[in-house]
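Structure record follows, encoded as structure tokens.
The values are calculated or read from the model by the stated rules, or taken from the named source; none is laboratory data. Note that this is a predicted model, so its numbers are computed, not measured. Note: ideal-geometry Cβ built from the backbone for every residue, glycine included; neighbour counts use all protein chains shown.
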Amino acid sequence: MILLAIASALPFLARTPGGVERVDLSPFVRLEVITADTLFTGTGLTFDYSVQGLRMVSDYGADTLCWVADGPAAALASAMASGASSVVERRTLAVLACTESYVGGVIAVNSSRDARSISRYRAYRTWLLSGVPLDLDAVVQRDSLFECTLRTAIGVPMGRDLDSWLWRRGYWLDPQSFLLLPSSEGGMILELGLPSWQGIDSLLVVDLDLGDLHTAAAAMLD
């Protein structure tokens, strides 16, 4: 019922690179970012944690689709087991794109442990509207064609190893960091967001035409 109500409003694409926290898919259905947080002090640990996720809301009720990381209780248990004395962490989400089958967004992680400097991480994420997270292997074959297309798009010299070339420039290929975007020609764009491994809030964005690759997208998203 929900998908029938929102079909005419899709696809949605955010107008700003920072994304949005709410998408009104129809007068009766909306997709919104939700937050769970906790502040705990005791047993030698100060724990300040916040995590966001997605919820679909309609006249028929509300369904939580996904969270970008563990909830507060699981994250607190992990922090206690780590031996840290203080943890401050924010895991946020903003919606960038939505279709009848999936939703994609940008996540940001800002964290500090034991009063050290803040580490920052930024990446893309895509989920089926059932809440199942997707990785690259679910939508595209990471074969020689994929690697050749990616190498050409980012200018990797002939004979250089792709992963090493990226790593030396501060980035890595996160298999979950991508978006699926409609193109102006009616096809689909695979937009890779290669995160930094250096603790900085940056992405190397690469657009690949999904039609030029061997894909599994049709099977996954039908």
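When LEU180, LEU150 are checked against the criterion of being in contact (Cβ under 8 Å) with a residue 40 or more places away in the chain and either assigned to a helix (DSSP H, G or I) or loosely packed, with under 13 Cβ neighbours inside 10 Å (or both), LEU150 stands alone in meeting it. Residue selection: THR126 satisfies the criterion of being crowded, with 16+ Cβ neighbours inside 10 Å, of a type in the set (Ser, Thr, Tyr) and more than 21 Å from GLN198 (Cβ to Cβ).
I'd like to verify a number: residues in the stretch 40-62 that are touching a residue at least 12 places away in the same chain (Cβ under 8 Å) and farther than 25 Å from ARG113 by Cβ, how many?
Result for the stretch 40-62: 7.
Tell me whether the stretch 117-124 contains one or more residues that are part of a loop (DSSP other than H, G, I, E, B) and among the β-branched types (Val, Ile, Thr). Looking through the stretch 117-124, at least one residue is part of a loop (DSSP other than H, G, I, E, B) and among the β-branched types (Val, Ile, Thr). Residues in the stretch 120-168 that are within 18 Å of the chain's Cα centre (by Cα), at negative phi and not aliphatic (A, V, I, L, M): ARG120, TYR121, ARG122, TYR124, ARG125, THR126, TRP127, SER130, PRO133, ASP135, ASP137.
Within this structure, ILE154 passes the test of being within 17 Å of LEU213 (Cβ to Cβ) and β-branched (Val, Ile, Thr).
So SER82 clears everything in (1) farther than 23 Å from LEU134 by Cβ; (2) surrounded by 14 or more Cβ atoms within 10 Å (Cβ to Cβ) except one condition, right? Which one? Here SER82 meets the rest and fails (2).
Among the residues of the stretch 90-119, those identified as surrounded by fewer than 16 Cβ atoms within 10 Å (Cβ to Cβ) and at pLDDT below 90 are GLU100, ALA115, ARG116, SER117, ILE118, SER119. So is VAL139 surrounded by 15 or more Cβ atoms within 10 Å (Cβ to Cβ), at pLDDT below 95 and out of contact with any Pro (no Cβ under 8 Å at 6 or more places or on another chain) or not? When the stated conditions are applied, VAL139 passes them. When LEU203, LEU179, LEU213, LEU173 are checked against the criterion of being assigned by TED's automatic domain parsing to the domain that holds LEU150 and touching a helix residue (DSSP H, G or I) at 6+ places or on another chain (Cβ under 6 Å), a single residue qualifies: LEU213.
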